[in-house]
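So the structure is just underneath, and the comments pick up after that.
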Amino acid sequence: MRTAHEAKPVKLIASLFAGEPTLVEEAKATLSHTFGPIDFESELLPFDHTDYYTSEFGPGLQRQIVAFQQLVAPSDLPAIKRQTNELEWSLAREERRRVNVDPGYVSLSKVVLASTKDHAHRLYLGQGIYGEVTLTYQRGHFRPWPWTYPDYASDRYCTLFEEIRRHYKTQLREER
């Protein structure tokens with residue numbers, strides 16, 4: 001029988017989207033103040049795989065994926081999601097969110113996203129937060145599951161998360 005041990009620290013990420021790039025920048029500044037320096041930023045990506053958020057945020061949404069230099073414990077994800085929810089509401093106007101911030105993490109074997117919504121493929125993590133293994137790393141690449149959001153399942157996003165994974169793997173080697 002194996003003994004239980006603490007999980008390796010993971011690479012904290014956040015997906016931010018808004019209709020105005022200045023809101024993404026404002027949210028990133030707050031996130032950096034809270035979680036430390038950002039060491040990876042994707043370009044602004046069109047958020048065009050769904051119109052689910054159009055009624056709340058309006059058209060023309062753009063997303064950016066960021067990763068943070070400081071590694072975190074995977075068990076920190078519920079508290080982090082609650083902090084990003086507070087950030088969303090601090091930037092809201094007239095009871096409407098103007099920016100969406102979804103935290104998660106990259107490990108050597110997967111990409112995990114936090115959610116407040118339960119579903120058959122999500123595990124309860126505590127504090128009202130669920131975790132979803134969105135991508136799995138197999139044979140040298142991230143690969144989607146049947147439930148993976150279409151944008152995250154795209155080659156563009158898988159390649160982006162592979163780059164973050166390379167940074168993370170280097171960090172793990174350097175911290176030994």
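Descriptive notes on the structure:
- Solvent-accessible surface (1.4 Å probe) assigned to residue 130 amounts to roughly 40 Å².
- Spin-label zone in the stretch 108-123 - amide nitrogen under 18 Å from a point set 7 Å from the Cα of residue 75 along the C-beta vector: 123
- Accessible area per residue in Å² at 1.4 Å probe, computed on the chain: 56
- Sorting 89, 145 on solvent-accessible area from highest to lowest, probe radius 1.4 Å, gives 89, 145.
- Compactness of the stretch 1-70 as Cα Rg over 2.2 N^0.38 Å, two decimals: 1.44
- Each principal axis of the Cα cloud of the stretch 35-164 was evaluated for its coordinate range; sorted largest first, these ranges are 47, 34, 31 Å.
- Distance in nm between pseudo-label sites at residue 145 and residue 54 (7 Å out along the Cβ direction from Cα): 2.9
- Among the trypsin sites (Lys or Arg not before Pro) within the stretch 75-162, those in coil by DSSP and having at most 10 neighbouring Cβ atoms inside 10 Å are 117, 139.
- Extension gain, residue 82 back to residue 123 (0.36 nm per residue minus Cα-Cα distance, nm): 13.1 nm
- Of all accessible heavy-atom area on the chain, the percent that carbon and sulfur account for (1.4 Å): 51
- Inter-label distance, nm, simple model (7 Å from Cα along the C-beta direction), residue 176/residue 136: 2.7
- Shape box of the stretch 75-147 [Cα atoms, principal axes, largest first, Å]: 47, 22, 22
- Between residue 156 and residue 32, the FRET efficiency from the beta-carbon distance, with R0 = 30 Å, is close to 0.80.
- Nearest-ten-degree value, helix 21-35 long axis tilted from longest Cα axis of the chain: 40
- Residue-averaged [θ]222 nm for the chain, counting only DSSP H segments that reach four residues, each worth -39500 (n - 2.57): -10000 deg cm²/dmol
The values are calculated or read from the model by the stated rules, or taken from the named source; none is laboratory data. Bear in mind that the values here come from a model prediction, so they are computed numbers and not experimental data. Cβ atoms come from the backbone with ideal geometry, glycine included; neighbour counts cover every protein chain shown. Just the protein is used for accessible areas: all its heavy atoms, side chains included, with ligands, DNA and RNA removed. Shrake-Rupley method; radii C 1.70, N 1.55, O 1.52, S 1.80 Å.
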